[in-house]
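Some notes on the structure that comes next.
Here, each number is a calculation from the coordinates, and none is a lab measurement. For clarity, every value in this text was computed on a predicted model and none was experimentally measured. Virtual Cβ from ideal backbone geometry, glycine too; neighbours counted across all protein chains shown.
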Amino acid sequence: MMHNDWQRWVCYLSLALSLLLMLLPLPMALLPLRPWWPALVLVYWVLEAPDRVGLGTAFITGLAADVLAGALLGDQALRLVVIVFLAQRFRARLRFFPMVQQSAAVLLLLLNDSLLRWLIRAFAGLPLPPLLAWAAPLVDAVLWPFVFLLLDGLRARMRARES
């Protein structure tokens with residue numbers, strides 16, 4: 001019982017921290033390359049603790065991200081739901097990929113997200129993201145191993161503390 005409580009807290013605190021990380025200021029030139037921390041954290045939890053994170057968690061996290069970023073309400077929520085759905089669908093394969101292949105899978109997930117983002121903005125009549133924004137999934141794919149190892153180490157430490 002204690003294990004589940006700690007894992008739940010670590011999961012939700014990491015999601016809250018990911019929302020705060022997306023608010024960190026960056027120079028204007030680097031804004032299109034901003035990592036999408038909530039997506040990376042949600043993919044980790046879908047792979048490692050699918051009973052804790054699902055489509056509802058992705059939607060709520062996305063709504064919170066929309067409110068914090070002042071974005072079109074539902075934009076990030078829809079995009080995170082699609083990412084989590086695809087990660088859940090291919091979870092059995094993704095979990096056992098080597099880290100390089102997992103990074104490639106994250107890259108594909110986030111390239112799909114970039115296309116969805118472009119479509120949403122086009123249909124909403126909003127200005128389209130700059131072309132440099134298509135490189136942001138590369139940044140996320142490079143960061144994926146670090147996010148994975150950090151959260152995995154934290155989760156392992158919590159399990160060891162309970163033993």
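Sort segment 2-162 into rounded, prolate or oblate with this rule: let a ≥ b ≥ c be the square roots of the eigenvalues of the Cα gyration tensor; rounded if a/c is under 1.5, and if a/c is not under 1.5, prolate when a/b is larger than b/c, oblate otherwise.
Details: a/c = 1.71, a/b = 1.56, b/c = 1.10.
Taking the square roots of the gyration eigenvalues as a ≥ b ≥ c, segment 2-162 is prolate.
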Which of V106, V43, V67 fluctuates most in a GNM of the chain (C-alpha springs under 10 Å)? That residue is V67
In Å, what is the Rg of the alpha-carbon atoms in segment 1-65, and how long is Dmax?
13.2, 47
From the phi of every residue in segment 11-26, what ³J(HN,Hα) in whole Hz does the Karplus formula 6.51 cos²θ - 1.76 cosθ + 1.60 yield, where θ is phi - 60° and glycine or proline is x?
4, 6, 5, 5, 5, 5, 5, 5, 5, 5, 5, 6, 8, 4, x, 10
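Work out the length of the dipole vector of segment 65-118 about its Cα centre, built from +1 on the beta-carbon of each Lys and Arg and -1 on the beta-carbon of each Asp and Glu, and round it to the nearest 20 debye.
Values: 6 positive and 3 negative charges, 66 e Å.
Dipole about the Cα centre, nearest 20: 320 debye.
Under 8 Å for C-alpha pairs, at least 6 residues apart: give me the relative contact order for segment 2-162, rounded to a whole percent. Mind dumping the intermediate values first?
Values: 160 pairs, mean separation 43.6, N = 161.
Value for segment 2-162: 27 percent.
Using unit Cβ charges (K, R positive; D, E negative) and no other charged atoms, how large, in debye to the nearest 20, is the dipole of the chain about its Cα centre? Please report the intermediate quantities before stating the final value.
Numbers: 14 positive and 9 negative charges, 51 e Å.
Roughly 240 debye for the chain.
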Enter the Cα centre distance for the pair segment 92-134 and segment 22-45, rounded to the nearest angstrom.
13 Å
